[in-house]
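These notes concern the structure reproduced below.
The values are calculated or read from the model by the stated rules, or taken from the named source; none is laboratory data. Keep in mind it's a predicted model, so treat the numbers as computed, not measured. Here the Cβ positions follow ideal geometry from the backbone for every residue, glycine too, while neighbour counts run over all protein chains shown. What goes into the accessible areas is simple: the full protein's heavy atoms, side chains included, and nothing from ligands, DNA or RNA. Shrake-Rupley method; radii C 1.70, N 1.55, O 1.52, S 1.80 Å.
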Amino acid sequence: MAAPKVLAIVLAGGEGKRLMPLTAARAKPAVPFGGTYRLVDFALSNVINSRYLHVVVLTQYKSHSLDRHIARTWRMSPLLGNYVAPVPAQQRRGPHWYLGSADAIYQCANILEDERPDIVVIVGADHVYRMDFSQMVDAHVASGAKFSIAGIRQPIALAPEMGVIDIDPDDPSRVRAFLEKPKDPQGLSDSPGEVLASMGNYVADADALMEALAKDADRVGSKHDMGGDIVPYFVERGECGFYDFRHNDVPGSTDRDRNYWRDVGTLDSYYEAHQDLIAVAPVFNVYNHQWPMHQGLITAPPAKFIHSEEGRLGHAADSIVSPGVIVSGATVTGSVLSPGVRLHSWSTVSDSVLLDNVVVNRHAQVHRAIVDKNVVVEEGARIGIDREWDLQRGFTVTDSGITVVAKGTVVSS
(Lines give C-alpha, C1' and ligand atoms only; values in the text may rest on other atoms or scores of the structure.)
Protein backbone atom coordinates (compact mmCIF):
# COMPACT_ATOMS: atom_id res chain seq x y z
CA MET A 1 0.00 0.00 0.00
CA ALA A 2 1.33 3.42 -0.96
CA ALA A 3 2.09 5.83 1.86
CA PRO A 4 -0.68 8.39 2.35
CA LYS A 5 -0.12 11.91 1.11
CA VAL A 6 0.19 14.16 4.15
CA LEU A 7 -0.25 17.91 4.54
CA ALA A 8 0.88 19.49 7.82
CA ILE A 9 -0.92 22.53 9.20
CA VAL A 10 0.68 24.53 12.00
CA LEU A 11 -1.74 26.72 13.94
CA ALA A 12 0.27 29.85 14.74
CA GLY A 13 -2.31 32.59 15.15
CA GLY A 14 -2.36 32.60 18.94
CA GLU A 15 -2.52 35.94 20.73
CA GLY A 16 -0.93 34.65 23.94
CA LYS A 17 -2.52 37.09 26.39
CA ARG A 18 -1.13 35.22 29.40
CA LEU A 19 2.42 35.81 28.10
CA MET A 20 2.10 39.59 28.11
CA PRO A 21 4.26 41.66 27.90
CA LEU A 22 6.28 39.20 25.78
CA THR A 23 3.39 39.12 23.28
CA ALA A 24 2.76 42.86 23.24
CA ALA A 25 4.49 43.21 19.88
CA ARG A 26 4.61 39.63 18.57
CA ALA A 27 2.49 36.52 18.18
CA LYS A 28 2.91 33.84 20.82
CA PRO A 29 4.62 31.38 18.41
CA ALA A 30 7.19 34.07 17.60
CA VAL A 31 8.29 34.46 21.24
CA PRO A 32 12.02 33.65 21.53
CA PHE A 33 12.93 30.58 23.55
CA GLY A 34 16.07 28.79 24.68
CA GLY A 35 18.48 31.43 23.46
CA THR A 36 18.35 30.84 19.70
CA TYR A 37 14.86 29.48 18.96
CA ARG A 38 11.34 30.77 18.50
CA LEU A 39 8.49 28.71 19.92
CA VAL A 40 7.26 27.86 16.41
CA ASP A 41 10.60 26.17 15.67
CA PHE A 42 9.70 23.20 17.86
CA ALA A 43 6.50 22.43 15.98
CA LEU A 44 8.16 22.91 12.61
CA SER A 45 11.22 20.86 13.55
CA ASN A 46 9.01 17.96 14.64
CA VAL A 47 7.01 18.08 11.42
CA ILE A 48 10.08 18.29 9.18
CA ASN A 49 11.97 15.60 11.11
CA SER A 50 8.89 13.39 10.61
CA ARG A 51 9.53 13.80 6.86
CA TYR A 52 6.37 15.78 6.20
CA LEU A 53 7.64 18.43 3.84
CA HIS A 54 4.43 20.16 2.70
CA VAL A 55 3.70 22.55 5.56
CA VAL A 56 1.48 25.60 5.91
CA VAL A 57 1.63 27.90 8.93
CA LEU A 58 -1.61 29.76 9.64
CA THR A 59 -0.84 33.15 11.15
CA GLN A 60 -2.98 36.07 12.28
CA TYR A 61 -2.15 38.03 15.44
CA LYS A 62 0.79 40.51 15.11
CA SER A 63 2.42 38.13 12.69
CA HIS A 64 5.17 40.28 11.13
CA SER A 65 8.10 38.91 13.12
CA LEU A 66 6.70 35.37 12.82
CA ASP A 67 6.25 35.64 9.04
CA ARG A 68 9.74 37.10 8.70
CA HIS A 69 11.28 34.33 10.80
CA ILE A 70 9.58 31.60 8.76
CA ALA A 71 10.55 33.20 5.46
CA ARG A 72 14.19 33.57 6.49
CA THR A 73 14.61 30.26 8.30
CA TRP A 74 12.33 27.60 6.90
CA ARG A 75 13.37 27.37 3.26
CA MET A 76 12.74 24.04 1.57
CA SER A 77 13.85 22.76 -1.82
CA PRO A 78 11.47 24.03 -4.52
CA LEU A 79 13.06 21.52 -6.91
CA LEU A 80 11.33 18.72 -4.99
CA GLY A 81 8.12 20.67 -4.44
CA ASN A 82 8.64 20.98 -0.68
CA TYR A 83 7.73 24.10 1.26
CA VAL A 84 6.96 25.75 4.58
CA ALA A 85 4.55 28.57 3.76
CA PRO A 86 3.10 31.17 6.15
CA VAL A 87 -0.55 31.82 5.31
CA PRO A 88 -2.11 34.98 6.77
CA ALA A 89 -5.81 35.34 7.47
CA GLN A 90 -7.51 36.09 4.14
CA GLN A 91 -11.25 36.41 4.92
CA ARG A 92 -12.11 33.77 2.33
CA ARG A 93 -15.35 32.81 4.10
CA GLY A 94 -16.67 36.27 4.80
CA PRO A 95 -15.60 39.69 6.09
CA HIS A 96 -14.12 38.42 9.36
CA TRP A 97 -10.78 37.19 10.68
CA TYR A 98 -10.33 33.71 12.09
CA LEU A 99 -13.05 32.98 14.63
CA GLY A 100 -11.12 30.07 16.12
CA SER A 101 -8.61 27.35 15.24
CA ALA A 102 -11.21 25.30 13.34
CA ASP A 103 -12.34 28.35 11.37
CA ALA A 104 -8.70 29.09 10.52
CA ILE A 105 -8.41 25.72 8.77
CA TYR A 106 -11.84 26.05 7.18
CA GLN A 107 -10.96 29.45 5.72
CA CYS A 108 -7.92 27.82 4.11
CA ALA A 109 -9.90 25.00 2.50
CA ASN A 110 -8.50 26.08 -0.86
CA ILE A 111 -5.10 24.78 0.25
CA LEU A 112 -6.51 21.32 0.92
CA GLU A 113 -8.36 21.42 -2.39
CA ASP A 114 -5.11 22.25 -4.18
CA GLU A 115 -2.94 19.75 -2.32
CA ARG A 116 -5.52 16.95 -2.12
CA PRO A 117 -3.90 15.18 0.83
CA ASP A 118 -5.14 11.89 2.23
CA ILE A 119 -4.16 12.84 5.78
CA VAL A 120 -3.89 16.18 7.54
CA VAL A 121 -1.55 16.61 10.52
CA ILE A 122 -2.57 19.60 12.67
CA VAL A 123 -0.24 20.90 15.36
CA GLY A 124 -0.08 23.90 17.67
CA ALA A 125 2.90 26.25 17.51
CA ASP A 126 3.42 27.14 21.15
CA HIS A 127 4.56 23.97 22.92
CA VAL A 128 8.06 22.67 23.65
CA TYR A 129 8.50 18.96 22.92
CA ARG A 130 9.80 16.32 20.50
CA MET A 131 7.42 14.10 18.56
CA ASP A 132 7.61 11.86 15.50
CA PHE A 133 4.28 12.52 13.82
CA SER A 134 4.78 9.70 11.35
CA GLN A 135 4.25 7.25 14.22
CA MET A 136 0.97 8.94 15.11
CA VAL A 137 -0.13 8.87 11.46
CA ASP A 138 0.63 5.14 11.26
CA ALA A 139 -1.39 4.53 14.43
CA HIS A 140 -4.26 6.63 13.09
CA VAL A 141 -4.42 4.72 9.81
CA ALA A 142 -4.22 1.35 11.60
CA SER A 143 -7.03 2.32 14.00
CA GLY A 144 -9.57 3.09 11.28
CA ALA A 145 -10.53 6.31 13.08
CA LYS A 146 -11.44 9.40 11.07
CA PHE A 147 -9.78 11.72 13.54
CA SER A 148 -7.12 11.13 16.21
CA ILE A 149 -5.97 13.22 19.14
CA ALA A 150 -2.62 12.97 20.94
CA GLY A 151 -2.65 12.94 24.72
CA ILE A 152 -0.19 13.06 27.58
CA ARG A 153 -0.53 12.44 31.30
CA GLN A 154 -0.61 15.64 33.32
CA PRO A 155 -1.29 16.47 36.98
CA ILE A 156 -5.01 16.65 37.69
CA ALA A 157 -4.52 20.17 39.14
CA LEU A 158 -3.79 21.41 35.61
CA ALA A 159 -7.02 19.99 34.15
CA PRO A 160 -8.97 23.30 34.36
CA GLU A 161 -6.45 24.76 31.87
CA MET A 162 -6.56 21.88 29.37
CA GLY A 163 -8.74 19.61 27.30
CA VAL A 164 -9.12 16.28 29.11
CA ILE A 165 -9.49 12.99 27.24
CA ASP A 166 -11.59 10.12 28.56
CA ILE A 167 -10.66 6.92 26.75
CA ASP A 168 -12.88 3.89 26.34
CA PRO A 169 -11.78 1.30 28.97
CA ASP A 170 -12.72 -1.50 26.57
CA ASP A 171 -10.75 0.06 23.71
CA PRO A 172 -7.94 2.42 24.83
CA SER A 173 -7.43 3.53 21.24
CA ARG A 174 -10.84 5.27 21.21
CA VAL A 175 -11.99 8.47 22.90
CA ARG A 176 -15.22 8.07 24.88
CA ALA A 177 -15.55 11.71 25.94
CA PHE A 178 -13.67 14.98 25.69
CA LEU A 179 -13.92 17.59 28.43
CA GLU A 180 -12.78 21.13 27.67
CA LYS A 181 -11.13 22.66 30.77
CA PRO A 182 -13.13 20.67 33.37
CA LYS A 183 -13.23 22.04 36.91
CA ASP A 184 -13.65 18.70 38.70
CA PRO A 185 -12.31 15.89 36.50
CA GLN A 186 -11.89 12.28 37.50
CA GLY A 187 -8.33 10.98 37.68
CA LEU A 188 -7.06 7.95 35.81
CA SER A 189 -7.86 4.54 37.24
CA ASP A 190 -4.18 3.61 37.52
CA SER A 191 -3.09 7.12 38.60
CA PRO A 192 -5.84 9.14 40.37
CA GLY A 193 -3.63 12.23 40.52
CA GLU A 194 -3.34 12.47 36.74
CA VAL A 195 -5.54 13.01 33.69
CA LEU A 196 -4.98 12.52 29.98
CA ALA A 197 -4.54 16.01 28.54
CA SER A 198 -4.80 16.97 24.91
CA MET A 199 -1.49 18.08 23.41
CA GLY A 200 -3.27 20.09 20.73
CA ASN A 201 -1.95 17.72 18.05
CA TYR A 202 -4.37 15.99 15.69
CA VAL A 203 -4.35 13.65 12.69
CA ALA A 204 -7.40 13.48 10.44
CA ASP A 205 -8.63 11.96 7.24
CA ALA A 206 -8.80 14.96 4.95
CA ASP A 207 -12.32 14.36 3.61
CA ALA A 208 -13.77 13.74 7.08
CA LEU A 209 -12.05 16.83 8.44
CA MET A 210 -13.43 19.12 5.74
CA GLU A 211 -16.94 17.74 6.25
CA ALA A 212 -16.68 18.41 9.99
CA LEU A 213 -15.34 21.94 9.45
CA ALA A 214 -18.12 22.80 6.99
CA LYS A 215 -20.79 21.64 9.45
CA ASP A 216 -19.14 23.53 12.29
CA ALA A 217 -19.05 26.73 10.21
CA ASP A 218 -22.86 26.66 9.98
CA ARG A 219 -23.52 25.65 13.59
CA VAL A 220 -25.03 28.42 15.73
CA GLY A 221 -23.21 28.86 19.02
CA SER A 222 -19.99 27.17 17.93
CA LYS A 223 -16.71 28.74 19.00
CA HIS A 224 -15.16 27.18 15.88
CA ASP A 225 -12.39 25.67 17.97
CA MET A 226 -10.56 22.42 17.24
CA GLY A 227 -10.58 21.26 20.85
CA GLY A 228 -13.93 22.68 21.88
CA ASP A 229 -15.96 21.81 18.78
CA ILE A 230 -14.27 19.52 16.25
CA VAL A 231 -12.96 16.92 18.71
CA PRO A 232 -16.43 16.51 20.34
CA TYR A 233 -17.96 16.18 16.86
CA PHE A 234 -15.84 13.12 16.11
CA VAL A 235 -16.23 11.75 19.64
CA GLU A 236 -20.03 11.84 19.39
CA ARG A 237 -19.85 9.92 16.12
CA GLY A 238 -17.54 7.28 17.61
CA GLU A 239 -14.83 8.23 15.13
CA CYS A 240 -12.19 9.77 17.41
CA GLY A 241 -9.04 7.80 18.08
CA PHE A 242 -6.52 8.32 20.89
CA TYR A 243 -2.76 8.36 20.50
CA ASP A 244 -0.74 7.94 23.69
CA PHE A 245 2.34 10.17 23.55
CA ARG A 246 4.19 7.67 25.74
CA HIS A 247 4.36 5.34 22.74
CA ASN A 248 6.20 7.91 20.62
CA ASP A 249 9.83 6.84 20.27
CA VAL A 250 12.02 9.71 19.09
CA PRO A 251 15.60 8.87 18.11
CA GLY A 252 18.21 10.10 20.58
CA SER A 253 15.81 10.59 23.49
CA THR A 254 17.09 9.88 26.97
CA ASP A 255 15.17 8.34 29.85
CA ARG A 256 15.13 11.81 31.44
CA ASP A 257 13.73 13.80 28.51
CA ARG A 258 11.63 11.14 26.76
CA ASN A 259 7.97 12.21 26.45
CA TYR A 260 8.73 15.75 27.61
CA TRP A 261 6.00 18.23 26.71
CA ARG A 262 5.50 21.69 28.09
CA ASP A 263 2.73 24.18 27.39
CA VAL A 264 4.47 27.54 27.78
CA GLY A 265 1.24 29.51 27.85
CA THR A 266 2.04 31.46 31.01
CA LEU A 267 5.02 33.49 32.13
CA ASP A 268 5.75 31.03 34.92
CA SER A 269 5.65 27.99 32.62
CA TYR A 270 7.81 29.85 30.08
CA TYR A 271 10.37 30.53 32.80
CA GLU A 272 10.22 26.97 34.16
CA ALA A 273 10.71 25.52 30.67
CA HIS A 274 13.95 27.48 30.41
CA GLN A 275 15.09 26.03 33.72
CA ASP A 276 14.44 22.57 32.24
CA LEU A 277 17.15 23.28 29.65
CA ILE A 278 20.07 24.13 31.90
CA ALA A 279 20.28 21.22 34.35
CA VAL A 280 23.40 19.04 34.16
CA ALA A 281 21.14 16.29 32.82
CA PRO A 282 18.53 18.45 31.03
CA VAL A 283 14.86 17.67 31.48
CA PHE A 284 14.59 18.72 27.84
CA ASN A 285 17.77 18.13 25.87
CA VAL A 286 18.35 20.50 22.95
CA TYR A 287 21.60 18.69 22.19
CA ASN A 288 19.92 15.65 20.63
CA HIS A 289 21.51 15.62 17.18
CA GLN A 290 19.44 12.65 16.02
CA TRP A 291 16.25 14.74 16.23
CA PRO A 292 17.51 18.33 15.95
CA MET A 293 15.51 21.39 16.83
CA HIS A 294 16.19 23.69 13.89
CA GLN A 295 16.51 27.46 14.15
CA GLY A 296 17.41 30.47 12.09
CA LEU A 297 20.90 31.10 10.78
CA ILE A 298 22.78 33.13 13.39
CA THR A 299 25.61 35.19 11.93
CA ALA A 300 26.89 36.49 15.28
CA PRO A 301 30.46 35.68 16.36
CA PRO A 302 31.15 33.17 19.15
CA ALA A 303 30.43 34.06 22.76
CA LYS A 304 33.26 35.80 24.60
CA PHE A 305 34.28 35.89 28.27
CA ILE A 306 36.77 38.53 29.38
CA HIS A 307 38.57 39.66 32.55
CA SER A 308 40.04 37.15 34.95
CA GLU A 309 41.38 39.28 37.76
CA GLU A 310 40.35 38.82 41.37
CA GLY A 311 36.87 40.25 41.97
CA ARG A 312 36.32 40.83 38.26
CA LEU A 313 35.98 37.44 36.63
CA GLY A 314 33.82 37.05 33.52
CA HIS A 315 32.18 33.64 33.84
CA ALA A 316 28.94 31.66 33.55
CA ALA A 317 27.86 28.46 35.32
CA ASP A 318 24.82 26.23 34.84
CA SER A 319 23.77 28.46 31.96
CA ILE A 320 23.18 28.59 28.22
CA VAL A 321 25.23 31.27 26.46
CA SER A 322 24.32 32.02 22.84
CA PRO A 323 26.53 33.32 20.01
CA GLY A 324 27.33 37.01 20.12
CA VAL A 325 27.21 37.24 23.92
CA ILE A 326 29.99 39.11 25.75
CA VAL A 327 30.41 38.47 29.46
CA SER A 328 32.84 41.17 30.55
CA GLY A 329 33.82 40.75 34.18
CA ALA A 330 30.26 39.70 35.05
CA THR A 331 28.90 36.68 36.92
CA VAL A 332 26.17 34.51 35.39
CA THR A 333 24.46 31.55 37.11
CA GLY A 334 21.42 29.46 36.21
CA SER A 335 20.47 31.64 33.25
CA VAL A 336 19.82 31.65 29.51
CA LEU A 337 21.53 34.41 27.52
CA SER A 338 20.27 35.04 23.98
CA PRO A 339 22.35 36.35 21.06
CA GLY A 340 23.90 39.79 21.43
CA VAL A 341 23.58 40.09 25.22
CA ARG A 342 26.24 42.32 26.81
CA LEU A 343 27.11 42.04 30.50
CA HIS A 344 29.53 44.57 31.95
CA SER A 345 31.91 44.37 34.88
CA TRP A 346 30.71 43.56 38.37
CA SER A 347 27.17 42.92 37.18
CA THR A 348 25.36 39.70 38.15
CA VAL A 349 22.67 37.73 36.34
CA SER A 350 21.14 34.80 38.20
CA ASP A 351 18.24 32.43 37.46
CA SER A 352 17.09 34.62 34.58
CA VAL A 353 16.23 34.61 30.88
CA LEU A 354 17.69 37.46 28.83
CA LEU A 355 16.47 37.85 25.24
CA ASP A 356 18.41 39.32 22.32
CA ASN A 357 20.64 42.39 22.71
CA VAL A 358 19.96 43.04 26.39
CA VAL A 359 22.67 45.23 27.97
CA VAL A 360 23.40 44.95 31.68
CA ASN A 361 25.75 47.69 32.82
CA ARG A 362 28.26 47.76 35.65
CA HIS A 363 27.20 46.76 39.17
CA ALA A 364 23.64 45.99 38.00
CA GLN A 365 21.78 42.95 39.34
CA VAL A 366 19.22 40.78 37.52
CA HIS A 367 17.61 37.93 39.49
CA ARG A 368 14.70 35.59 38.67
CA ALA A 369 13.67 37.71 35.71
CA ILE A 370 12.63 37.49 32.08
CA VAL A 371 14.09 40.46 30.21
CA ASP A 372 12.81 41.04 26.67
CA LYS A 373 14.83 42.23 23.67
CA ASN A 374 16.83 45.48 23.59
CA VAL A 375 16.41 46.27 27.28
CA VAL A 376 19.16 48.41 28.81
CA VAL A 377 19.81 47.94 32.52
CA GLU A 378 21.67 51.03 33.67
CA GLU A 379 24.63 51.03 36.02
CA GLY A 380 23.70 49.91 39.52
CA ALA A 381 20.09 49.13 38.60
CA ARG A 382 18.33 46.09 40.06
CA ILE A 383 15.68 43.77 38.66
CA GLY A 384 14.01 40.99 40.63
CA ILE A 385 15.51 42.02 43.96
CA ASP A 386 12.68 44.16 45.35
CA ARG A 387 9.16 43.12 44.27
CA GLU A 388 7.47 46.38 45.28
CA TRP A 389 10.09 48.47 43.50
CA ASP A 390 9.63 46.37 40.36
CA LEU A 391 5.86 46.87 40.47
CA GLN A 392 6.23 50.62 41.01
CA ARG A 393 8.30 50.82 37.84
CA GLY A 394 5.54 49.10 35.84
CA PHE A 395 7.19 45.70 35.49
CA THR A 396 5.10 42.55 35.52
CA VAL A 397 5.71 40.28 38.52
CA THR A 398 4.15 36.80 38.56
CA ASP A 399 2.68 35.14 41.64
CA SER A 400 5.82 33.01 41.90
CA GLY A 401 8.00 36.12 41.91
CA ILE A 402 9.33 36.23 38.33
CA THR A 403 9.87 39.82 37.17
CA VAL A 404 9.24 40.48 33.47
CA VAL A 405 10.64 43.58 31.72
CA ALA A 406 9.08 44.61 28.42
CA LYS A 407 10.96 45.01 25.15
CA GLY A 408 13.10 48.13 24.78
CA THR A 409 12.78 49.33 28.38
CA VAL A 410 15.55 51.39 29.97
CA VAL A 411 15.84 50.29 33.58
CA SER A 412 17.25 53.02 35.82
CA SER A 413 18.82 52.58 39.24
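Please list log₁₀ I(q)/I(0) at q = 0.16, 0.18 Å⁻¹ for region 1-141, using the Debye equation with identical point scatterers on the alpha-carbon positions. These q points yield log10 I(q)/I(0) values of -0.85, -1.07.
Which longest run of the chain has no exposed loop site in it, a site being GluC sites (Glu not before Pro) in a DSSP loop with at most 13 other beta carbons within 10 Å, and the site itself not part of the run? Within the chain, the longest run free of exposed GluC sites (Glu not before Pro) spans 16-309.
Taking a sphere under 13 Å around the Cβ of G35 and counting the other residues whose Cβ falls inside, with K and R at +1 and D and E at -1, yields a net charge of 0. Label positions at D249 and I298, each projected 7 Å from the Cα along the C-beta direction, are separated by 3.3 nm.
Any idea what the dipole of region 161-265 comes to, in debye rounded to 20, about its Cα centre with Lys/Arg Cβ at +1 and Asp/Glu Cβ at -1? Walk me through the numbers before you get to the answer.
Numbers: 12 positive and 23 negative charges, 56 e Å.
That gives a dipole near 260 debye.
A cut-off of 5 Å between modelled amide H atoms, ignoring neighbours fewer than 5 places along the same chain, links E194 with I156, L188.
Of the beta bridges in the chain, as assigned by DSSP with both residues counted there, near 35 percent are antiparallel. Once the other residues with Cβ under 13 Å from the Cβ of I152 are scored (Lys, Arg +1; Asp, Glu -1), what is the net sum? So the surrounding residues net to +2. Which of rounded, prolate or oblate describes region 354-399 when judged by the alpha-carbon gyration tensor and an a/c cut-off of 1.5? Taking the square roots of the gyration eigenvalues as a ≥ b ≥ c, region 354-399 is oblate.
Here the 3J(HN,Hα) profile of region 244-249, calculated from phi with Karplus coefficients 6.51, -1.76 and 1.60 at θ = phi - 60°, is 7, 4, 4, 8, 7, 10 Hz, Gly and Pro shown as x. Mean silhouette area of the chain, derived from the convex hull of its C-alpha atoms and averaged over all directions, reads 21.7 nm². Computed from phi, the 3J(HN,Hα) profile of region 43-52 under the Karplus parametrisation 6.51, -1.76, 1.60 (θ = phi - 60°) reads 4, 5, 4, 5, 5, 5, 5, 7, 6, 9 Hz, with x in place of Gly and Pro.
What does the charge count around V327 come to, taking other residues whose C-beta lies under 15 Å from its C-beta (Lys +1, Arg +1, Asp -1, Glu -1)?
On the way: positive: K304, R312, R342, R362; negative: E309, D318.
After counting each charged neighbour, the total is +2.
The calculated FRET efficiency for H289 paired with Y83, based on their beta-carbon distance and R0 = 25 Å, is about 0.50. Oblate is the label for region 297-394, because a/c, from the alpha-carbon gyration tensor with a ≥ b ≥ c as root eigenvalues, is 1.5 or above and a/b does not exceed b/c.
In region 315-397, carbon and sulfur make up what percent of the accessible area (probe 1.4 Å)? Intermediate values should be presented prior to the final figure.
Details: 1340 of 2990 Å².
Answer for region 315-397: carbon and sulfur cover 45 percent of the accessible area.
Over the chain, DSSP H runs of length four or greater, each weighted -39,500 (n - 2.57), average out per residue to a 222 nm ellipticity of -5500 deg cm²/dmol. For R256 and W389, the FRET efficiency from 1/(1 + (r/R0)^6), where r spans their Cβ atoms and R0 equals 45 Å, is about 0.75.
Entry note, the chain: relative contact order of 14 percent, from Cα contacts under 8 Å with a spacing of 6+ residues.
Hey, what angle do you get for helix 64-73 against the long axis of the chain, alpha-carbon based, 0 to 90 degrees rounded to 10? For 64-73 against the chain, the angle is about 90 degrees.
The 3J(HN,Hα) values that the Karplus relation (6.51, -1.76, 1.60; θ = phi - 60°) gives for region 160-177 are, in residue order, x, 9, 9, x, 10, 9, 10, 8, 6, x, 7, 8, x, 8, 10, 8, 8, 7 Hz. Gly and Pro appear as x. For region 102-155, the square roots of the Cα gyration tensor eigenvalues, ordered a ≥ b ≥ c, give a/c of at least 1.5 with a/b no greater than b/c, which places it in the oblate category. Annotation: amide H of F242 within the under-5 Å range of I149, R174, V175, sequence separation 5 or more or interchain, hydrogens built in the peptide plane.
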